[in-house]
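A.B. asks: Quick one: this structure, given as structure tokens, is what I'll be asking you about.
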Amino acid sequence: MKYLLDTDHISFLQRGSSLEYTRLTDQMSQHSPSDFALSVISFHEQILGAHDFINRAKTNTDTLRGYTLLLEILQGFANAPVLPFDPVAITIFEQMRSQQIRVSTMDLRIAAIAISRNLVLLTRNVRDFSKVPGLKTEDWTV
């Protein structure tokens, strides 16, 4: 395993069409599928997004779309290696919090998982993640 996909990169893969999707899949095709992992934090973020979509639904069509999205998220994560927010990542997360690194909590958790496993984080949010010492990032959508 070499790469951890941030939630934004996962979203491009789920959508399945865009210039960013094409660039990302072209890069990924140069590697083994076993080189990639997802995080339980990204799963959490996507579930929250689907939950919000369902709660805002005004029509049965919107509700159906929300639950379809939720099912797609579940199936996508069930078919991929998902890394936990384990004790090592928690320790790294707490160290970064004590250093007052100015990154959102969810992003800091994702960064802690990547650092704990010595993985490169694939993200479009290089600006924020660059504030995290020791984190390697790349954006494969550009």
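A.B. asks: When ranked by the protection proxy of mean other Cβ atoms within 10 Å per residue, highest first, what sequence do the peptides 59-65, 5-11, 118-124 form?
C.D. replies: The densest-packed peptide leads the list: 5-11, 118-124, 59-65.
A.B. asks: Could you please rank Ile113, Ile73, placing first whichever residue has the fewest other Cβ atoms within 10 Å of its Cβ?
C.D. replies: The order, fewest Cβ neighbours first, is Ile73, Ile113.
A.B. asks: Continuing with this model, one more query. Compare Ala57, Ala80, Ala89 in a GNM of the chain, Cα atoms joined below 10 Å, and give the one with the largest fluctuation.
C.D. replies: Of Ala57, Ala80, Ala89, the Gaussian network model singles out Ala57 as fluctuating most.
A.B. asks: Would you tally the net charge around Asp107, using a Cβ to Cβ cut-off of less than 9 Å, leaving Asp107 out, and scoring K and R as +1, D and E as -1?
C.D. replies: Net local charge, Asp107 excluded: -1.
A.B. asks: Further question on the same structure: List the residues whose amide H sits under 5 Å from the amide H of Lys136, counting only those 5 or more places along or on another chain, with H placed 1.01 Å from N in the peptide plane.
C.D. replies: Leu121
A.B. asks: Rounded if a/c is under 1.5, else prolate if a/b is larger than b/c, else oblate: which is segment 1-78, with a ≥ b ≥ c the root eigenvalues of its Cα gyration tensor?
C.D. replies: prolate
A.B. asks: How large is the Kirkwood hydrodynamic radius of segment 32-71, counting all unique pairs of alpha carbons, in Å? Mind dumping the intermediate values first?
C.D. replies: On the way: mean 1/r = 0.0888 Å⁻¹.
Over segment 32-71, the inverse of the mean reciprocal pair distance is 11.3 Å.
A.B. asks: Can you give me the Cα centroid spacing of segment 90-142 and segment 5-41 in angstrom?
C.D. replies: 18 Å
A.B. asks: Provide the gained length on full extension for the span Glu72 to Arg23, in nm with one decimal, where the gain is 0.36 nm per separating residue minus the Cα-Cα distance.
C.D. replies: Value of the extension gain: 15.4 nm.
A.B. asks: Which residues' amide hydrogens lie under 5 Å from the amide hydrogen of Leu83, considering only partners 5 or more residues apart or on another chain, with H built in the peptide plane?
C.D. replies: Sorted by chain and number, the residues that satisfy this are Leu38, Ser39, Val40.
A.B. asks: When the helix-only estimate is applied to the chain (DSSP H runs of n ≥ 4, each -39,500 (n - 2.57), divided by the residue count), what is the mean residue ellipticity at 222 nm, nearest 500 deg cm²/dmol?
C.D. replies: Mean residue ellipticity at 222 nm (helix-derived): -18000 deg cm²/dmol.
A.B. asks: Mind giving me the FRET efficiency for Asp86 and Glu138? R0 is 25 Å, r the Cβ-Cβ distance, nearest 0.05 is fine.
C.D. replies: Details: r = 24 Å, r/R0 = 0.94.
Once the sixth-power term is evaluated, E becomes 0.60.
A.B. asks: Roughly what would the spin-label model give for Thr61 and Asp128, points 7 Å off Cα along C-beta, in nm?
C.D. replies: Distance between label points: 3.2 nm.
A.B. asks: Can you put Met1, Met28 in order of Cβ neighbours within 10 angstrom, beginning with the fewest?
C.D. replies: With the sparsest Cβ surroundings first, the list reads Met1, Met28.
A.B. asks: Then there's this: So what does the Cα-only Debye profile of segment 43-142 read at q = 0.21 Å⁻¹, as log10 I(q)/I(0), no solvent term?
C.D. replies: -1.06
A.B. asks: Determine ³J(HN,Hα), in whole Hz, for all residues of segment 93-99 in sequence, where each value follows from phi through the Karplus function 6.51 cos²θ - 1.76 cosθ + 1.60 and θ = phi - 60°; x replaces Gly and Pro.
C.D. replies: 4, 5, 4, 5, 4, 5, 7
A.B. asks: Moving on. How long is the gain from Arg102 to Ser32 if the chain were fully straight, where each residue apart is worth 0.36 nm and the alpha carbon distance is subtracted?
C.D. replies: Gain on stretching Arg102 to Ser32: 21.8 nm.
Read-outs throughout are calculated quantities, based only on the coordinates presented, and are distinct from any laboratory measurement. Remember, it's a predicted structure, so these values are computed and weren't measured experimentally. So basically every Cβ, Gly included, is an ideal-geometry build from the backbone, and we count neighbours across all protein chains shown.
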